[in-house]
1. If I go through the stretch 52-75 residue by residue, how many of them are closer than 19 Å to residue 99 by Cβ and touching a Gly at 6+ places or on another chain (Cβ under 6 Å)?
2. Go through the stretch 18-41 and report how many residues are buried (at least 16 other Cβ atoms within 10 Å of the Cβ), over 15 Å from residue 96 (Cα atoms) and modelled with pLDDT of 95 or more.
3. Working only within the stretch 97-122, note down all residues that are of a type in the set (D, E, K, R) and surrounded by 19 or more Cβ atoms within 10 Å (Cβ to Cβ).
4. If the requirement is being in contact with a Leu (Cβ under 6 Å, 6 or more places away or on another chain), within 21 Å of residue 31 (Cα to Cα) and aliphatic (A, V, I, L, M), which of these qualifies: 94, 54, 106?
5. Can you name every one of the helices (runs of 4 or more DSSP H) wholly within the stretch 74-142 that holds 2 or more residues which are in contact (Cβ under 8 Å) with a residue 12 or more places away in the chain and over 17 Å from residue 22 (Cβ atoms)?
6. Return only the number of the condition from (1) within 22 Å of residue 41 (Cα to Cα); (2) touching a strand residue (DSSP E or B) at 6+ places or on another chain (Cβ under 6 Å); (3) modelled with pLDDT of 95 or more that residue 96 does not satisfy.
7. Pairs under 7 Å by beta carbon, first residue touching a residue at least 24 places away in the same chain (Cβ under 8 Å) in the stretch 32-47, partner among the small types (Gly, Ala, Ser) and not in a strand (DSSP E or B), six or more apart or different chains?
8. Can you name the residue in the stretch 67-93 that is touching a Ser or Thr at 6+ places or on another chain (Cβ under 6 Å) and under 18 Å from residue 117 (Cα atoms) and, of all such residues, is surrounded by the most Cβ atoms within 10 Å (Cβ to Cβ)?
Amino acid sequence: MTGRSCSCGQRLETTDIRVLVVDDHPMVRTSLSEVLSDEDGVTVVGECEDGSEVVDAVARLRPDIVLMDLSMPVMNGLAATEALRAAQLEPRVVVLTAEHAARHTVAAAGADALLTKDARTDALLHCLRTVIVGCGCCPYCL
């Protein structure tokens with residue numbers, strides 16, 4: 001269990017957070033996985049290079065959170081999030097993007113948070129911990 005607090009004062013006590021990293025760029029996937037794996041209380045359970053792999057990976061690996069790139073070939077992050085929700089798989093989805101994305105579009109697809117790829121590592125980690133406990137005070141939560 002970790003003993004962190006949210007900015008609203010809610011305790012962010014969670015057991016190990018299991019994360020699936022989804023990004024079409026190998027360097028980004030590897031970097032995210034390494035940063036997350038170095039953090040206490042976070043375990044990267046797998047990686048996908050495209051949204052079309054997400055539903056099967058979630059069913060097999062059972063992550064708590066899918067950290068999903070928005071813009072990918074074959075199946076983008078919005079379509080992959082919608083596919084997860086249609087399959088009634090319920091991990092939290094945190095969408096990452098390098099571009100401007102409409103929050104309402106990402107929320108309508110079923111995502112729980114939206115971060116830009118230029119966000120600091122501490123902001124990403126705080127978002128993951130906030131999303132997993134369902135606290136809505138995270139500025140990235142939808």
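1. Residues that pass the stated criteria total 5.
2. Residues that pass the stated criteria total 1.
3. To start, the set of residues in the stretch 97-122 that are of a type in the set (D, E, K, R) comprises 99, 103, 112, 117-118, 120, 122.
Hit for the stretch 97-122 is 112, nothing else.
4. Answer to the selection: 94.
5. Working: elements: 77-86, 103-108, 121-133.
So the answer is 103-108, 121-133.
6. Condition (3) is where residue 96 drops out.
7. The qualifying pairs are 44/33; 44/37; 46/57; 47/33.
8. Initial filter on the stretch 67-93 (touching a Ser or Thr at 6+ places or on another chain (Cβ under 6 Å)): 70, 74-75, 93.
Checking the rest, the ones that are also under 18 Å from residue 117 (Cα atoms) come to 70, 93.
On the way: 70: 24, 93: 29.
Filtering the stretch 67-93 for residues that are touching a Ser or Thr at 6+ places or on another chain (Cβ under 6 Å) and under 18 Å from residue 117 (Cα atoms), the one surrounded by the most Cβ atoms within 10 Å (Cβ to Cβ) comes out as 93.
The values are calculated or read from the model by the stated rules, or taken from the named source; none is laboratory data. Just so you know, these numbers come straight off a predicted model, no measurement behind them. Cβ atoms come from the backbone with ideal geometry, glycine included; neighbour counts cover every protein chain shown.
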